[in-house]
Amino acid sequence: MTEPATLLRLATLNTAYAACIDADRLEDWPGFFHERCLYKITTADNHKRGYAAGVVYADSRAMLHDRVSALRQANIYERQNYRHIVGMPSVGATEGNEISAEAPFLVVRTMRDGRMDLFATGVYLDRLREDADGALRFTERLVICDSSRFDTLLAIPL
Amino acid sequence: MDGTSVQPGLDGSARPWPPGLTRVPFWVYQERDIARQEQARIFQGPVWNFLCLEVDVPNTGDFRTTIVGEMPVVVVRGDNGAVHAFENRCAHRGALICLEDGGSARDFACVYHAWRYDLCGNLTSVAFRHGVNGQGGMAKDFDMAAIGPRKLRTTIFCGLVFGTLSSATPPIEDYLGEAISARVRRVLKKPVEVIGRFIQPLPNNWKLYMENVKDTYHASLLHLFFATFRITRLSQGGGVLVSESGAHHASTTLAPAQAADTTYRDAGLRSDNASFRLADPGLLEIRDEWGDGIQLQILSVFPGFVLQQIHNCLAVRQIVPRGVDAMDLHWTYLGFANDTPDLRALRLKQCNLVGPAGFVSMEDGCVGGFVQRGTAAAEDAESVVEMGGSGTETQTTRATEAAVRGFWKEWRGLMGI
């Protein structure tokens, strides 16, 4: 039986995470992770087969910062934004001070001309630990997309 | 006609193609009739289409389904160890025979009426062929051997399985030519394994993507990430190799010279930004696995295959047309089977460079769509493909569109345009 307090903390964290991306505060996004972390976007099929590669793969918070810098300064893509709908998390086992959890997500992408697409659905497979200040941060967030297809390009993180 | 070739339009009117290879009219990306003819003349013509990797079908009965142009195809390892390929279409009513991406099977049965096929694609049984209780069934002289899905001739080169529907397609190494064959051998020098698969639907005609792959001119101009980190810039050593036919290419970029390079800054181009530095430069580490200083090699095989070595990030890409203004790009990321853990870890990091979210390939996902949309009302206008002259010869610079012209030379030859 999961403590309601843990559930609430995770749901609050996921809500803040989604709002950060959807409101284009991408500079704050790496702050949801520990310095040593793993963030990967892949597909359910790759995950099932044990294929390790992702379309995005970061094993440090610095790499997440670099992803944001590249989006801001280097990469060319049409203006677009996401709306994340993140479902209620389910909390798994706690090992030492690390919690495992997962939550389903759905992301609608709106392009500059107003076109809206169901861009991605899937599940976040998370491992979290408190930082020195007692705030929960991700040591691992695997973004497992249900579909193997990524339309046109994936610029903004999921 | 001063060398101008003419293509009859759907309404019977003739469309002019300007002389030479330096102009490409935009209707080639727009007309349904062209797309239909491409299926017969290009994809089902005298070309080698990439089907799958040999490691996808290691043992008897192992199969993968793929697409050649728009034709669904089953690729399967037969009893004799040979790799067979046949159209994924039941001889009866035309339904897909195989509904999985891959797997292992003793034979194949169409789900619709249970007609069965062996691993070579031969029809072996027809359900209720002799009827039920003496009634119904097929005619006594019904000949199973006379019908069946079309079979492709296959060949394997460096672990890549190719297929063709034409008896006129030359052996793969003759098709590629010596120089391009050597470039394939260079990258795929030992057994590979798959480390990820992704599909990237693109909002453009398939030819726009293939041109982009062959366009060595755009790389350091569109892709700021590369230019800024000196991963590739046109002033870096390298060049583009174009096969004799024009059909295939391999572009290379050599390790950068250490001297300061102001070509871009002097030209005031967007793609030089000294303030942009990585917080974690780990993904820019490069191992010279090939010992030849080639940091980057992009190779294309006509009509729709790409072999990529970007640093230590290896992938094959397969182009699948989806009508006139859409296509799917199938990415398969690779490592070598004997990778050390740290080399594999480096490849995983470098995968950030490519694919739908790639620091250097993201833009390739949208730029074809920009052309498709930009030319929507300009079917009779033409693109200018004149960088580096008007020929298709191998060049020691990447500031050229020779490989793009080579593509059109081959395409027009096969299409008779």
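The values are calculated or read from the model by the stated rules, or taken from the named source; none is laboratory data. This structure is a prediction, so every number in the text was calculated from the model and none was measured. Quick reminder, even Gly has a Cβ in these numbers, built from the backbone with ideal geometry, and neighbours come from all protein chains shown. Ligands, DNA and RNA are excluded from the accessible area calculation, which covers all protein heavy atoms including side chains. Shrake-Rupley method; radii C 1.70, N 1.55, O 1.52, S 1.80 Å.
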message: Which pairs turn up if I take residues in segment B:281-300 that are over 22 Å from B:H249 (Cα atoms) and look for partners that are surrounded by 14 or more Cβ atoms within 10 Å (Cβ to Cβ) and of a type in the set (D, E, K, R) with beta carbon separation below 9 Å, at least 6 apart in sequence or on another chain?
response: B:P281/A:D66; B:G282/A:D59; B:G282/B:K349; B:L283/A:D66; B:L283/B:K349; B:E285/B:K349
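Quick one: which of B:I97, B:I67 is modelled with pLDDT of 95 or more and over 17 Å from the mean Cα position of the chain (by Cα)? If you could, list the steps in order and put the result at the bottom.
Numbers: B:I67 fails: over 17 Å from the mean Cα position of the chain (by Cα).
Just one listed residue meets the conditions, B:I97.
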- request: From (1) touching a residue at least 24 places away in the same chain (Cβ under 8 Å); (2) more than 8 Å from every other protein chain (Cβ to nearest Cβ), pick out the condition that doesn't hold for A:P4.
  value: (1)
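Please verify whether B:Q39 is of a type outside the set (D, E, K, R) and under 30 Å from B:I417 (Cβ atoms), treating the condition exactly as stated. Talk me through it step by step, then tell me what you get.
Numbers: of a type outside the set (D, E, K, R): yes; under 30 Å from B:I417 (Cβ atoms): yes.
Judged against the criteria, B:Q39 is a match.
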- prompt: What residue, of B:F370, B:F336, is of a type in the set (F, W, Y) and open to solvent by less than 10 Å² (accessible area, probe 1.4 Å)?
  reply: B:F336
- line: Given (1) in a loop (DSSP other than H, G, I, E, B); (2) closer than 30 Å to A:D59 by Cβ; (3) among the hydrophobic types (A, V, I, L, M, F, W, C), B:I417 misses just (2)
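Going by what's in this entry, would B:G148 be described as at positive phi, under 25 Å from the mean Cα position of the chain (by Cα) and away from chain A (no Cβ under 14 Å)? Can you show your working first?
On the way: at positive phi: yes; under 25 Å from the mean Cα position of the chain (by Cα): no; away from chain A (no Cβ under 14 Å): yes.
So B:G148 fails the test.
Go through B:V306, B:V354, B:V384 for me and flag whichever is in contact with a strand residue (DSSP E or B) (Cβ under 9 Å, 6 or more places away or on another chain), surrounded by fewer than 18 Cβ atoms within 10 Å (Cβ to Cβ), in contact (Cβ under 8 Å) with a residue 12 or more places away in the chain and more than 21 Å from B:R32 (Cβ to Cβ). Reasoning before the result, please.
Working: B:V306 fails: surrounded by fewer than 18 Cβ atoms within 10 Å (Cβ to Cβ); B:V354 fails: surrounded by fewer than 18 Cβ atoms within 10 Å (Cβ to Cβ).
From the options B:V306, B:V354, B:V384, the qualifying one is B:V384.
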query: If you check A:E95 against the conditions, is it over 18 Å from B:K349 (Cα atoms), out of contact with any Ser or Thr (no Cβ under 8 Å at 6 or more places or on another chain) and away from chain B (no Cβ under 14 Å)?
result: yes
- request: From B:R153, B:R93, B:R116, grab the single residue that is basic (K, R), under 25 Å from B:F305 (Cα atoms) and open to solvent by 40 Å² or more (accessible area, probe 1.4 Å).
  value: B:R153
Considering residues of segment B:45-58 that are in a loop (DSSP other than H, G, I, E, B) and in contact with a helix residue (DSSP H, G or I) (Cβ under 9 Å, 6 or more places away or on another chain) only, the residue surrounded by the fewest Cβ atoms within 10 Å (Cβ to Cβ): B:P46
- prompt: Where in segment B:130-215 are there strands (runs of 3 or more DSSP E), lying fully within it, with 1 or more residues that are of a type in the set (G, A, S)?
  reply: B:160-164, B:192-202
query: In segment A:43-65, how many residues are outside any loop (DSSP other than H, G, I, E, B), facing chain B (nearest Cβ under 7 Å), in contact with a Pro (Cβ under 9 Å, 6 or more places away or on another chain) and within 24 Å of B:S220 (Cα to Cα)?
result: 3
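If I ask for residues that are within 8 Å of chain B (Cβ to nearest Cβ) and either within 24 Å of A:A103 (Cβ to Cβ) or assigned to a loop (DSSP other than H, G, I, E, B) (or both), which ones from segment A:66-86 would you list? Working first, answer last.
First pass over segment A:66-86, keeping only residues within 8 Å of chain B (Cβ to nearest Cβ): A:66-67, A:69-70, A:73-78.
If the condition is that a residue be within 8 Å of chain B (Cβ to nearest Cβ) and either within 24 Å of A:A103 (Cβ to Cβ) or assigned to a loop (DSSP other than H, G, I, E, B) (or both), then A:R67, A:A74, A:N75, A:I76, A:Y77, A:E78 are the ones that fit.
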- request: Working only within segment A:55-87, note down all residues that are surrounded by fewer than 21 Cβ atoms within 10 Å (Cβ to Cβ), touching a strand residue (DSSP E or B) at 6+ places or on another chain (Cβ under 7 Å), among the aliphatic types (A, V, I, L, M) and over 17 Å from A:R137 (Cβ atoms).
  value: A:I85
message: A:A70 - would you say it is modelled with pLDDT under 95 and of a type in the set (A, V, I, L, M, F, W, C)?
response: yes
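Restricting attention to segment A:119-158, and to residues there that are of a type in the set (D, E) and part of a loop (DSSP other than H, G, I, E, B), which single residue is nearest to the chain's Cα centre (by Cα)? Give the derivation first.
Our first condition is that a residue be of a type in the set (D, E); within segment A:119-158, this holds for A:126, A:130-131, A:133, A:140, A:146, A:151.
Okay, now just the ones that are also part of a loop (DSSP other than H, G, I, E, B), so A:131, A:133, A:146, A:151.
Values: A:D131: 18, A:D133: 22, A:D146: 14, A:D151: 18 Å.
Of everything passing the filter in segment A:119-158, A:D146 is nearest to the chain's Cα centre (by Cα).
May I ask you to say which residue of A:D117, A:D151 is open to solvent by 20 Å² or more (accessible area, probe 1.4 Å), within 14 Å of chain B (Cβ to nearest Cβ) and touching a helix residue (DSSP H, G or I) at 6+ places or on another chain (Cβ under 9 Å)? I'd like the intermediate steps shown before the answer.
Numbers: A:D117 fails: touching a helix residue (DSSP H, G or I) at 6+ places or on another chain (Cβ under 9 Å).
Exactly one of A:D117, A:D151 is open to solvent by 20 Å² or more (accessible area, probe 1.4 Å), within 14 Å of chain B (Cβ to nearest Cβ) and touching a helix residue (DSSP H, G or I) at 6+ places or on another chain (Cβ under 9 Å), namely A:D151.
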